[in-house]
Amino acid sequence: MSLKDRLLQDMKAAMKEREAGKTRLAVIRMVRSAIKNREIELGRELADPEVLEVLTREVKIRRESLPDYERSGREELVAQLKEEIAVLMAYLPEQLSEAEIEALVREAIAQTAASGPRDLGKVMKEVMPKTKGRAEGKVVNQIVRRLLEELQA
């Protein structure tokens, strides 16, 4: 079953649950709308990897908003965003741990013969396709930077 089909089935289930699935229903509708907008942009149906990109982008948007709401003391919105992130994460593949990302980065450093921070682009280019949808780019970038700086030290 494709991700789009799964979203549709889950939306129907959330509609049947009424009160219990309100947030879930709203998030699924929002994601389906974002997917539809992307399809209109591209002029074609999205494949599962592209749907994953849309889901990842939606999670990223919410994660970036969290600190702002926390600073302004909007606890009800913080709770809502965390709930939305949890709903979205259910559709993403299992996230990589820091140790797994570090192993991939070390492998990429060896493959690209990187010698320091100036090789960041080469290493990121090698690592990102392997972590797509399974790790946040910001986290990967931090690990790559740290390991490349250790090489130079």
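The values are calculated or read from the model by the stated rules, or taken from the named source; none is laboratory data. Here the structure is a predicted model, which is why all the values come from computation and not from measurement. All Cβ positions, even for glycine, are placed from backbone atoms using ideal geometry, and neighbour counts span all protein chains on display.
Quick notes
- Restricting attention to region 14-45 and to residues that are farther than 16 Å from Leu88 by Cβ and of a type in the set (A, V, I, L, M, F, W, C), the residue that is modelled with the highest pLDDT turns out to be Ile40.
- Test: Val78 is in contact with a Phe, Trp or Tyr (Cβ under 7 Å, 6 or more places away or on another chain), among the hydrophobic types (A, V, I, L, M, F, W, C), crowded, with 16+ Cβ neighbours inside 10 Å and part of a helix (DSSP H, G or I): yes
- Condition met for Gly43 (within 24 Å of Ser2 (Cα to Cα) and surrounded by fewer than 11 Cβ atoms within 10 Å (Cβ to Cβ)): yes
- Of all residues in region 139-153, those that are touching a residue at least 40 places away in the same chain (Cβ under 8 Å) have Cβ atoms under 8 Å from Cβ atoms of residues that are buried (at least 20 other Cβ atoms within 10 Å of the Cβ) and not charged (D, E, K, R), 6 or more apart or on another chain, in Val139/Ile101; Ile143/Ile101; Ile143/Val105; Leu147/Val105; Leu147/Ile109; Leu151/Ile109; Leu151/Ala114.
- Val144 within 17 Å of the chain's Cα centre (by Cα), farther than 26 Å from Arg29 by Cβ and modelled with pLDDT of 85 or more: no
- Considering Ile61, Ile35, Ile101, Ile85, the condition of being within 20 Å of the chain's Cα centre (by Cα), β-branched (Val, Ile, Thr) and under 30 Å from Glu150 (Cβ atoms) is satisfied by Ile101 alone.
- Residue match in region 57-69 (condition: farther than 25 Å from Thr131 by Cα and in a helix (DSSP H, G or I)): yes
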